[in-house]
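See structure below.
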Amino acid sequence: MKQPVPNSADVRMHGFSHRSEVPVVLEWIDRHALPLPPEDVALEKVAGRILAADLVSPLDVPGFDRAAMDGYALRGADTDGASEYNPLEFPVAGQSMPGQPFRGAIPERAAIRIMTGAPVPQGVDAVVPAEYVSEADGRIAITRSVAPGQHVGHVGEDIGKGAAALARGRRLRPQDAGLIASLGLASASVVRQPRVRLLVTGNEVRAPGTPKGAYEIYDANSYMLRGLVERDGGVLESHHRLGDDPAIIRSALREPGADVILVSGGSSVGTEDHAPKLVAELGELAIHGVAMRPSSPAGVGRIGETLVFLLPGNPVSCLCAYDFFAGRAIRLRGGRDGDWPHRRLRAKVARKIVSAIGRVDYCRVRIVDGAVDPIALSGASVLSSTTRADGFVIVPAESEGYGPGSEVIVYLYE
């Protein structure tokens, strides 16, 4: 794998002398986006979290033989030959309820009334469901035979003591939380969620809902990035609109408390694009400038143990750079799979997707009558191209694009 080629930290008004290939950026991310330490989290909050270690069961589930049906417990061998034409009768010697087992000896050829989940008493080994039984005057008549062990949940049948109940790296679902609870555990060890700081630069950027001047713009990237960070398992540590004062940006970059910092805007070669130089001064600017479209001014680096991603200010470029690079790092730091989180669809191209050899293209597309149609409005600042799109196609650097009839993978927007 090629290594990153260091860029001059200050490329303002000079342009990029070199653009790193996308695989080089991904390789750097995979080396540095290490999973965060584990933390114990109460069961009420584990859904969606990533299990930090194999979960070994401390007990058998169930811990006793239990009825799987409402009915009557008896010896399965005693029911041989029972049918609607040949009902067999048994005296009822007592009952077993959940949490209130039958205690005592069971006479030969006798039955115990039993409810689902109740302990199956010693001396009987099967349950006849209630719908095949009639009871009167302390006796039952059954019209169906049951085999020994039928309709009985045995000790450890669900999970055995010492067995691996859930594997490390699993994204816990609500039913997983239920399973953990069934083991008597009130918490689980999960990978800590990455704390993400969002820094928005640009003197022209204003918060939605506030007045703006004729040549100012509303901050769209913050809200897009917030949703993406949440999607990828991160938590927002803080959010700041900083303008273009380098001293203020420097202070926000140096502040401790974040595992990942996203800088929106200020990553290109303009006079007010201070972030790359500041990252280089405070830590390491590993890569600045990537051979891709859009998002070529993207950059990655680190300040101490905090990973920093320079995301272009143009909304589509910001989305693209996040999805390719920052999202991958957040997922990896949170113990998740770094691969794209999007659902994928294979389909054929309706109209040619144009690219150029030497760069990766992130092409927004629609699915029309089952075929892939590229979005005509594809500029980096046209955010509506992503809302009109059903997803995107990645054109690799070695390709000039895809002609009509070519089969491609479409990454679907949720």
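Nearest 10 degrees, 0 to 90: what angle lies between the long axis of helix 221-231 and the longest principal axis of the chain (Cα atoms)?
Compared with the principal axis, the helix lies near 30 degrees.
What number comes out for the charge environment of A347, summing +1 per Lys or Arg and -1 per Asp or Glu over other residues with Cβ under 12 Å away?
Values: positive: R344, R346, K348, R366; negative: D369, D373, D390, E407.
Neighbour charge sum, excluding A347 itself: 0.
Positive end of the dipole of the chain, charges at C-beta (+1 Lys, Arg; -1 Asp, Glu), about the Cα centre: which of V46, H342, L282 has its Cα farthest in that direction?
Going by the charge dipole, the pick is L282.
Using θ = phi - 60° and the Karplus form 6.51 cos²θ - 1.76 cosθ + 1.60, what ³J(HN,Hα) does each residue of the stretch 189-196 get, whole Hz, x for Gly and Pro?
Per-residue couplings from phi come out as 8, 10, 5, 4, 6, x, 8, 10 Hz.
Can you divide the C-alpha Rg of the stretch 343-412 by 2.2 N^0.38 Å and report the result to two decimal places?
Numbers: Rg = 11.1 Å, N = 70, 2.2 N^0.38 = 11.1 Å.
So the Cα radius of gyration is 1.01 times the expected 2.2 N^0.38 Å.
May I ask which residue of V360, A164, L59 lies farthest towards the positive end of the charge dipole of the chain, with charges of +1 (Lys, Arg) and -1 (Asp, Glu) on Cβ and the Cα centre as origin?
Selected residue: V360.
If the only charges are +1 at each Lys and Arg Cβ and -1 at each Asp and Glu Cβ, what is the size of the charge dipole of the stretch 305-412 around the Cα centre, to the nearest 20 debye? Don't jump to the answer; show the numbers that get you there.
Working: 14 positive and 11 negative charges, 41 e Å.
That gives a dipole near 200 debye.
So, by mean Cβ neighbours within 10 angstrom, what's the order for 326-332, 238-244, 101-107, 387-393 with the highest one leading? Don't jump to the answer; show the numbers that get you there.
Working: 326-332: 25.7, 238-244: 17.1, 101-107: 13.7, 387-393: 19.1.
Highest to lowest by the protection proxy: 326-332, 387-393, 238-244, 101-107.
Provide the three semi-axes, in whole Å and in decreasing order, of the ellipsoid equivalent to the stretch 66-153 as defined by the square roots of 5 times the Cα gyration tensor eigenvalues. Please list the in-between numbers first.
On the way: eigenvalues 68, 34, 27 Å².
Those come to 18, 13, 12 Å.
Note down the net charge around E255, summing +1 for each Lys or Arg and -1 for each Asp or Glu among other residues with Cβ under 12 Å from its Cβ.
Details: positive: R195, R197, R250, R254; negative: E237.
Charge balance in the 12 Å sphere: +3.
So what's the net charge close to A207: Lys and Arg +1, Asp and Glu -1, counting the other residues with Cβ under 15 Å from its Cβ?
Charge balance in the 15 Å sphere: +1.
Among M224, M292, M115, determine the one that fluctuates most according to a GNM of the chain built with springs between C-alpha atoms less than 10 Å apart.
M115
Among Y223, G209, A188, whose Cα projects farthest towards the positive end of the dipole of the stretch 187-284, with charges put on the beta-carbon of Lys, Arg (+1) and Asp, Glu (-1)?
Highest projection toward the positive end goes to A188.
Counting Lys and Arg as +1 and Asp and Glu as -1, each charge on the Cβ, what is the dipole of the chain about the Cα centre in debye, to the nearest 20?
Working: 45 positive and 49 negative charges, 220 e Å.
That gives the chain a dipole magnitude of about 1060 debye.
Compute, for the stretch 62-105, the length of the dipole vector about the Cα centre, with Cβ point charges of +1 (Lys, Arg) and -1 (Asp, Glu) only. Units Debye, rounded to 20. Present the calculation step by step, with values, prior to reporting the outcome.
Numbers: 3 positive and 6 negative charges, 59 e Å.
Here the size comes out at about 280 debye.
How far apart, in nm, are two points set 7 Å out from the Cα along the Cα-to-Cβ line at E157 and at S238?
Calculated label separation equals 5.7 nm.
With everything on Cα atoms, drop me the angle between helix 22-32 and the longest principal axis of the chain, reported from 0 to 90° to the nearest 10.
Tilt of helix 22-32: around 60 degrees.
When the Debye formula is applied to the Cα atoms of the chain, each taken as the same point scatterer, what base-10 log of I(q)/I(0) results at q = 0.06, 0.13 Å⁻¹?
-0.43, -1.05
Bear in mind these aren't lab numbers, they're just calculated from the coordinates by the rules spelled out. Model, not experiment: these values are computed from the prediction. Cβ: placed from backbone, ideal geometry, glycine included. Neighbour counts: every protein chain shown.
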